[in-house]
Amino acid sequence: MKKIINDPSTVVEESLRGLAAAHGDILKVRTEPAVIYRADAPVTGKVAVISGGGSGHEPLHGGFVGLGMLDAAAPGPVFTSPTPDQVQAAVEHVDGGAGVLLIVKNYTGDVLNFETAAEFASADGVDVRTVVIDDDVAVKDSLYTAGRRGVGGTALLEKIVGGAAEGGYNLDECEALARRVIASVRSMGVALTACTVPHVGEPSFVLEDDEIEIGIGIHGEPGRRRVPHQPADQLVRTLLDPVLEDLPFASGDRVLLFTNSMGGTPLVELYLAHGIAERLLAERGITVERRLVGPYVTSLEMQGMSLTVLKVDDEMLRWWDAPVRTAALRWGA
Amino acid sequence: MTCDATGVIAAIRSAAAVVDEHRDELVDLDREIGDADHGENLKRGFTAVLSKLDNAGDTPGAVLKVVASTLISTVGGAAGPLYGTAFLRAAAKLGTTGTLTPESVVDALDAALEGVVARGKAEAGDKTMVDALTPAVAAARAASGSVADVLKAAADAADQGAQDTVPLVARKGRASYLGERSAGHMDPGARSTALLLRAFADAAQGATP
């Protein structure tokens, strides 16, 4: 394992120190328990939007803390959900009296830990609502699985709902908007290589040179099937088709297209793939209204990508376009 | 070991040692069908527990409550809330009683199982820690004799239960994403449950009554 680290057990803590040093005008970091929160928190009278999850997906979630997006993020160890006391500490730091919306990715650990924290915060008299995002079409949503995973769509959800909260939406309105975004967004990912979790020291799975893994999540877990490597035209279609069929998206729909790197895929390849996705959507009569291209929901150094398509309306576009000032996304502010 | 708070603290210490010793094994099991963090998470949790045991309380229930809250705040993943809930429910069942009896141990194990099922919503056969804990509770209830005998029966049944998760297809937790590909691997949560019960049983050998 070759990584720029000192000790696997201090990776997150040391990385948070660097994040705070780099973006002290936007965010603050506290430790024990670890929370990343807006430098100007709490914002009185504003709904506080909090998310969190395992580390290793940066910039998700800490890089999205700031004006117009998240009020706080609770960073767990690499690929491990944060603990309830972290989420409780986040609530205490950013609750501005207008209620708290927790955005949780649908993984058993995340849901259980946020659920526990929400119980404690409610007992303290805070109005806490929880939304669970599950946009990954690779997982069958059935009684026989833990349900679909939350992946790329999470970044879009945090931007749109964070914008609305900044713009004055109350807790009911934020929650309703969040549920609509969750119902309208779908994603699918592929890995060309596995990633190595620092405290494990070896790759999570092994792919031969000519193999790719379709339907991966963002925790180095294997996907649904392993297939021979394929040209980009075919690969983008392999990802996009199940996404479009699932909602389903239809001719005439307006969408936000998010082409995401899993961490190790360079932008030159990502833009190449994005161009193909735009063409395929145009062929289907789907209008791409907004785009996001880059490494935003990553899986350490994994090579690979995911495609996320969100069916948008004017309300979602308004809050997508609203000012944001975070470590990873900045416009209009 | 005695069957009071001191004995329980000793049993928790041996459990922490067992978790430390089997950390790599649990990580490897989890890498096959999950995300390779189970051994690391439990080790972090039980290391934190060790630092709190000295003044953990003077009843078995009080000690287990400290274990529960420490695991909830340090383990993360699904295992944190699930093991935390298990120890919390066991502690609540024991109440303020100063000495464990075979009957109270069985009731505490049963309460732990109920808590895990309520929190995680898994059933027997879903390839989770419930598959180790369910037969353990049944065996403990059927056993007769001392606290050590009851715990040994539970540990033996949990070992078998963990073994029996190998052919199962996971229906809960991260392994469920793999569908049929999850078959052929032991569930890491069932394995850690079996390890913990074995540690308790071994610690209880020679205990009274």
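Name the one entry in B:L109, B:L100 that is out of contact with any Ser or Thr (no Cβ under 7 Å at 6 or more places or on another chain), within 18 Å of B:A204 (Cβ to Cβ), not in a helix (DSSP H, G or I) and not small (G, A, S). Lay out the reasoning, then the answer.
Numbers: B:L109 fails: not in a helix (DSSP H, G or I).
None of the other options fit; the residue is B:L100.
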Report task. Inspect all residues belonging to region B:9-20 and state whether any of them is closer than 28 Å to B:H185 by Cα, within 12 Å of another protein chain (Cβ to nearest Cβ) and either hydrophobic (A, V, I, L, M, F, W, C) or surrounded by fewer than 24 Cβ atoms within 10 Å (Cβ to Cβ) (or both). Result -> no
**Report entry** Subset of region A:115-125 that is in a helix (DSSP H, G or I) and out of contact with any helix residue (DSSP H, G or I) (no Cβ under 6 Å at 6 or more places or on another chain) - its residue that is surrounded by the most Cβ atoms within 10 Å (Cβ to Cβ)
**Finding:** A:A118
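What is the residue count in region A:305-333 for residues that are assigned to a strand (DSSP E or B), under 24 Å from A:R237 (Cα atoms) and over 16 Å from the mean Cα position of the chain (by Cα)?
Just the residues of region A:305-333 that are assigned to a strand (DSSP E or B), to begin with: A:305-311, A:324-326, A:330-331.
If we keep only those that are under 24 Å from A:R237 (Cα atoms) as well, we get A:305-311.
If we keep only those that are over 16 Å from the mean Cα position of the chain (by Cα) as well, we get A:311.
Going through region A:305-333 one residue at a time, the tally reaches 1.
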Query raised in the report: Filter region B:41-96 for residues that are touching a strand residue (DSSP E or B) at 6+ places or on another chain (Cβ under 8 Å) and part of a helix (DSSP H, G or I); which is surrounded by the fewest Cβ atoms within 10 Å (Cβ to Cβ)?
Result: B:R44
**Report entry** Subset of region B:30-56 [at the interface with chain A (Cβ under 9 Å from one of its Cβ atoms) and of a type in the set (V, I, T)]
**Finding:** B:I33
Report task. Mind listing just one residue for me: the one in region A:112-153 that is under 24 Å from B:A86 (Cβ atoms) and of a type in the set (D, E) and, of those, nearest to the other protein chains (Cβ to nearest Cβ)? Result -> A:E115
**Report entry** Residue check for B:L100: surrounded by 24 or more Cβ atoms within 10 Å (Cβ to Cβ), more than 10 Å from every other protein chain (Cβ to nearest Cβ) and under 19 Å from B:A199 (Cα atoms)
**Finding:** yes
Requested in this report: Kindly establish whether B:P188 is free of Cβ contacts under 8 Å to residues at least 60 places away in the same chain and either surrounded by 18 or more Cβ atoms within 10 Å (Cβ to Cβ) or in contact with a Gly (Cβ under 8 Å, 6 or more places away or on another chain) (or both).
Outcome: no
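Count, please, the residues in region B:158-209 that happen to be within 14 Å of chain A (Cβ to nearest Cβ) and of a type outside the set (V, I, T). Full working, then the answer.
Kept after step one, since they are within 14 Å of chain A (Cβ to nearest Cβ), are these residues of region B:158-209: B:168-185, B:187-189.
Keeping just the survivors that are of a type outside the set (V, I, T) gives B:168, B:170-185, B:187-189.
Qualifying residue count, region B:158-209: 20.
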Query raised in the report: Any chance region A:279-292 includes a residue that's outside any strand (DSSP E or B), in contact with a strand residue (DSSP E or B) (Cβ under 6 Å, 6 or more places away or on another chain) and surrounded by 23 or more Cβ atoms within 10 Å (Cβ to Cβ)?
Result: no
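Which residue out of A:A89, A:A98, A:A41 is more than 10 Å from every other protein chain (Cβ to nearest Cβ) and part of a helix (DSSP H, G or I)?
Values: A:A98 fails: part of a helix (DSSP H, G or I); A:A41 fails: part of a helix (DSSP H, G or I).
The unique qualifying residue is A:A89.
Bear in mind that the values in this text are calculations on the coordinates, not laboratory data. This structure is a prediction, so every number in the text was calculated from the model and none was measured. No Cβ is skipped: glycine too gets one built from the backbone with ideal geometry, and neighbour counts run over all protein chains shown.
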